[in-house]
Each structure stands twice: as structure tokens, then as C-alpha cells.
Amino acid sequence: MIRSAYDLEPHQHEVALTEVERRTPMGELLRRYWHPVGLIEDATETPRQVRALGEDLILFRDEHGQVGLVHERCAHRGSSLFYGKVEAEGIRCCYHGWLFSAQGECLEQPCEPGNGERRHTVRQPWYPVEERYGLIWAYMGPMDKKPLLPRYRLLEDLDEGEILDADDRSIGGGGPVILDFNWFQHYENVLDPLHVVILHTSFSGTQFVPEMASMPECHYEEIPTGVRLTSYRPLGEGKRLRRVSEAVSPTLRVVPSPRLDPGRCGLLGWVLPIDNTHFRIYSVGRVEQPGDLQKIRSRQNDKLWEELSEEEHQIYPGDYEAQKSQGDITWHNHEHLRTSDIGIARLRRYMLEQVKIVEQGGDPAGVAFTEGDEWVDSPAGNWIESE
């Protein structure tokens with residue numbers, strides 16, 4: 001019988017890979033790690049709304065310099081602390097004046113006798129935070145499983161003249177700052193080098209450098225913390241490019257310059273799932289001047305993404321168009337994976353293995369609880385060598 005589109009099965013997505021709320025398989029895995037939720041300068045005496053892993057939060061810095069990350073709804077009657085006032089000891093709700101510390105302790109209840117004789121029985125939901133590499137990091141998981149905040153060799157072993165630059169404008173996303181589709185269909189793109197030859201060369205124009213237009217020979221390797229991709233491209237005159245990228249659990253992109261700057265990778269990017277259909281990327285890189293990270297953004301038709309017209313977006317599609325057009329959450333049961341998707345399949349398998357470890361009560365890959373074990377290294381980079 002001839003089949004048409006009428007016979008398509010209802011679409012489904014892989015819940016365990018895509019959904020990020022508490023009590024979901026991926027949501028619980030993600031909550032066993034630290035995540036960037038803002039730049040250091042985002043934490044001020046003005047409350048700032050933050051949405052991460054499907055939760056609405058308020059970020060602030062009290063007058064003593066303590067950073068707080070608390071749930072938006074006041075524990076008293078649910079008014080938004082976005083309208084609160086930051087004071088020396090914490091944040092005060094605009095409705096009845098309850099005062100909460102950066103760790104959520106209720107310090108004052110001015111409308112209650114004795115300033116709230118039972119105030120110590122109430123705590124505003126909060127999350128631990130730390131500051132490092134120009135970013136504010138939050139741990140949103142169970143406190144008895146809180147690991148050490150990782151340290152990264154690629155960001156701490158600086159060459160002469162290098163400084164660190166942090167950026168929250170989703171470098172590598174290929175579209176708006178807040179990307180409006182599921183985080184995982186972007187994240188797995190780290191292990192899809194073959195699309196570069198088609199999308200970033202023949203459709204987008206040469207977005208990077210001509211050498212990236214050659215079809216690479218690809219090797220994929222599962223490592224303890226994720227999946228590593230090593231690809232080889234001929235450069236002529238007996239030389240070849242060895243390019244190493246990594247997807248490190250749960251959201252870290254370790255991708256060297258697509259313009260083939262030689263040497264070790266200079267940029268790390270963390271994908272923050274805002275909710276099931278939105279995400280953004282926080283980046284930290286070794287640069288010479290503040291603001292240098294924005295200079296590496298890719299272009300189509302010699303324009304940045306936001307400078308293109310709707311017509312140009314259709315003529316010169318990039319990562320955003322290719323990934324967003326899969327749907328807010330892609331239809332996994334309608335895919336037909338082939339050999340070009342080996343990296344995708346391995347990353348999905350790896351992440352599902354980590355989900356299962358957490359479901360069975362174990363600790364996922366890459367979390368450290370002992371001083372000295374929190375260091376993360378990577379061989380990612382562009383290396384020119386003899387064939």
C-alpha cells in the first residue's frame with residue numbers, strides 16, 4: 001500500500017533527554033551539578049529575575065556583598081520578591097515586609113508581635129551560589145549531594161597577556177540571546193561536525209574558513225565525563241588539521257575556534273536550560289581585551305544574525321534556523337539516524353546512562369566532593385600535524 005503523510009504517527013520526544021523540571025529524569029540529573037545563572041555584575045541591590053531549570057528565581061546582592069538566589073514567590077503570601085527591597089541583611093518583601101537573608105532565613109516579620117516570634121520556623125526557598133570566572137553559579141539539587149564547584153585548566157592556565165572574559169549572549173547559539181527551543185537539540189550539535197560542510201558552507205556561505213568546507217574524517221570516543229570528537233581535515237602539502245571537541249556532562253561545550261586558531265581551545269560555554277523550550281549559553285574565554293568574545297560570533301552574508309532580514313534568514317540559514325525548525329522540542333520518534341549521526345547517538349546514550357545512575361541513587365560523572373578532585377582538563381583544540 002502506498003503511504004502518505006496521512007499515515008504519520010503522532011510525534012513524541014524523549015522525555016528523559018529534554019524535560020528539565022524537578023522530579024523529571026533529566027531535571028534531577030541537571031540538579032546534581034552547578035550551573036551559571038548570571039554574570040557577576042548581574043547581582044546588585046536591584047532584584048533581578050532569573051529563570052533556570054523551569055524555576056522562577058530572584059538574584060540579588062545585599063549591602064554586605066552576599067549574593068542571594070531565592071524563589072520569586074515570598075514564603076508569606078506569594079508576592080513577587082522582584083518588587084522587594086535589598087537591604088544590608090537581605091531582601092524585604094514589598095507586601096508585609098518580611099526580610100530574608102541571602103540563605104533564605106526569615107529575619108524580620110514587622111507586622112507580627114515581637115517582630116515575628118516564630119519567624120525562625122519559616123525559610124524562603126533558596127539555592128547556594130558561588131562566584132567564579134566572572135559568572136554566578138547555582139547549585140539547585142539536594143544539599144546532601146552538593147559537589148564542589150569545578151575548576152577548569154583551560155581557564156586557569158593563562159598565557160602571557162591573556163585575561164578571562166565572561167559573556168551571557170549565547171555565543172555559539174547562532175540566533176537570539178534567549179533561544180526558544182529545547183536545550184538538548186542544540187547541545188548535541190557539538191558532536192555533529194558534518195553539518196558544518198553543508199549548513200555553514202553551502203547554505204550560509206563560508207561562515208568560518210574555507211578549510212572547514214572539506215568533509216572531515218570523524219572519530220567519537222566516550223570519556224568518563226562525556227563524549228569526545230576528533231576530526232581530521234586535509235590542509236595540503238602533507239599537513240592535516242586535527243580538531244578535538246568535547247561535550248562534557250551535563251551541558252558544557254568545549255569547542256575550539258571554527259576559524260582554526262591553532263592551539264588549545266580558548267572558549268568554554270555552558271548551556272543553561274531555562275525551561276523545556278528556552279535556553280541560553282554562558283561563555284568564558286581567554287582573551288586579550290574585555291569584550292573580545294563577541295568578536296568571534298559567526299555571520300551569514302557578512303551580517304550578524306539579528307542584522308538579517310526574514311528573507312535573508314531563509315536564504316542564509318544557520319544553526320538557529322536548522323535547530324529551531326525541528327520544533328520547540330524535536331520529534332525523536334520521526335528521526336532516521338545514519339552514520340553521520342554517530343556522535344548524536346553516543347551523546348544521547350551517555351546522558352541516558354547518567355540519568356539512570358542518578359535514578360538508582362548514584363553520583364553522576366564529573367561531580368567531585370574532595371578538594372583537588374574538582375579540576376577539569378581537556379585536550380580540545382586545533383592542531384596542525386603531518387599526515
Partnerless cysteines, meaning none of the other Cys C-beta atoms lie under 4.7 Å away, in the chain | Cys94, Cys106, Cys111, Cys218, Cys265
Would you work out if the range 268-338 is rounded, prolate or oblate? Take a ≥ b ≥ c from the square roots of the eigenvalues of the alpha-carbon gyration tensor; rounded if a/c is under 1.5, else prolate when a/b is larger than b/c, oblate otherwise.
-> oblate
Under the rule rounded for a/c under 1.5, else prolate if a/b exceeds b/c, else oblate, using alpha carbon gyration tensor axes a ≥ b ≥ c, the range 291-330 is classed as oblate
For 299-309, 164-174, ranked highest to lowest by mean beta-carbon neighbours within 10 Å, the order is 164-174, 299-309
List the residues whose amide H sits under 5 Å from the amide H of Arg61, counting only those 5 or more places along or on another chain, with H placed 1.01 Å from N in the peptide plane.
-> Thr44, Glu45, Thr46, Gly68
If the range 222-341 were replaced by its equivalent ellipsoid, with semi-axes equal to the square roots of 5 times the Cα gyration tensor eigenvalues, what would those be, largest first, whole Å?
-> 25, 21, 19
From the backbone phi of the range 259-267, what are the Karplus-calculated ³J(HN,Hα) couplings (6.51 cos²θ - 1.76 cosθ + 1.60, θ = phi - 60°) in whole Hz, Gly and Pro given as x?
-> 8, 6, 4, x, x, 5, 4, x, 9
Eight or more residues apart or on different chains, and alpha-carbon atoms under 29 Å: count the Lys pairs in the chain matching that.
-> 7
Shape of the range 276-387, Cα gyration tensor, a/c cut at 1.5 = oblate
With Rh as the Kirkwood radius over Cα pairs, the range 7-51 has Rg/Rh of 1.22
Between the helical axis of 342-359 and the dominant principal axis of the chain, each derived from Cα atoms, what acute angle in degrees is found, rounded to the nearest 10?
-> 30 degrees
What are the residues whose amide H is under 5 Å from the amide H of Glu21, where those residues sit 5 or more places off or on another chain and H is modelled from the backbone?
-> Gly27
With N residues in the chain, Rg(alpha-carbon) / (2.2 N^0.38 Å) equals 1.08
Residues whose modelled amide H sits under 5 Å from the amide H of Gly38, counting only those 5 or more places away in sequence or on another chain, are Ile136
Footprinting proxy, Met212, Met143: sorted fewest to most Cβ within 10 Å, the residues are Met143, Met212
Estimated 222 nm signal from helices in the chain, with DSSP H stretches of n ≥ 4 weighted -39500 (n - 2.57), rounded to 500 | -3000 deg cm²/dmol
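Readers should treat all values here as calculations from the given coordinates under stated rules, not as data from a laboratory. Note that the coordinates shown come from a computational prediction; the quantities given were computed from them, not determined experimentally. With ideal geometry, Cβ positions are generated from the backbone for all residues, glycine too; neighbour counts draw on all protein chains shown.
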